[in-house]
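One structure is given here, and the rest of the page talks about it.
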Amino acid sequence: MEDFKDLLLRAKRGDEDAVEKLFVQYESLLHKCSRVNGHVDEDLYQVLLIEFWRAISEFKV
């Protein structure tokens with residue numbers, strides 16, 4: 001398993017493989033946070049994905 005910091009740095013540089021690996025690591029949390037009344041709210045899920053990418057892009061290492 002790759003080091004989180006290395007994945008984050010690669011993702012910040014635009015490495016799609018690193019972004020995918022980070023997404024896989026956090027996918028269950030994103031789904032959990034997008035649940036409304038026991039069901040995944042697809043619009044909320046999309047917003048969370050955008051914010052996930054923004055957080056990766058803006059994270060200061």
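The values are calculated or read from the model by the stated rules, or taken from the named source; none is laboratory data. None of the values given here were measured: they were computed from a predicted structure. Counting neighbours? That spans all protein chains shown, and the Cβs are built from the backbone with ideal geometry, glycine included.
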What pairs come out if I take residues in the range 42-57 that are within 12 Å of F23 (Cα to Cα) and pair them with residues that are surrounded by 12 or more Cβ atoms within 10 Å (Cβ to Cβ) and not hydrophobic (A, V, I, L, M, F, W, C) whose C-beta lies under 7 Å away, six or more apart or interchain? L48/S34; F52/Y26; I56/K12
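Matching residues to (1) surrounded by 15 or more Cβ atoms within 10 Å (Cβ to Cβ); (2) touching a helix residue (DSSP H, G or I) at 6+ places or on another chain (Cβ under 8 Å); (3) modelled with pLDDT of 95 or more:
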residue: R13; (1), (2), (3): no, no, no
residue: D17; (1), (2), (3): no, yes, yes
residue: D41; (1), (2), (3): no, no, yes
residue: V47; (1), (2), (3): no, no, yes
Hey, could you check the range 1-46 for residues that are more than 21 Å from F59 (Cβ to Cβ) and of a type in the set (A, V, I, L, M, F, W, C) and say which is farthest from the chain's Cα centre (by Cα)? V36
Members of the range 17-43 found to be over 29 Å from E2 (Cα atoms) and assigned to a helix (DSSP H, G or I), listed by number: E42, D43
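Could we say that V61 is out of contact with any Cys (no Cβ under 7 Å at 6 or more places or on another chain), exposed (fewer than 12 other Cβ atoms within 10 Å of the Cβ) and part of a loop (DSSP other than H, G, I, E, B) here?
Numbers: out of contact with any Cys (no Cβ under 7 Å at 6 or more places or on another chain): yes; exposed (fewer than 12 other Cβ atoms within 10 Å of the Cβ): yes; part of a loop (DSSP other than H, G, I, E, B): yes.
For V61, the condition - out of contact with any Cys (no Cβ under 7 Å at 6 or more places or on another chain), exposed (fewer than 12 other Cβ atoms within 10 Å of the Cβ) and part of a loop (DSSP other than H, G, I, E, B) - is met.
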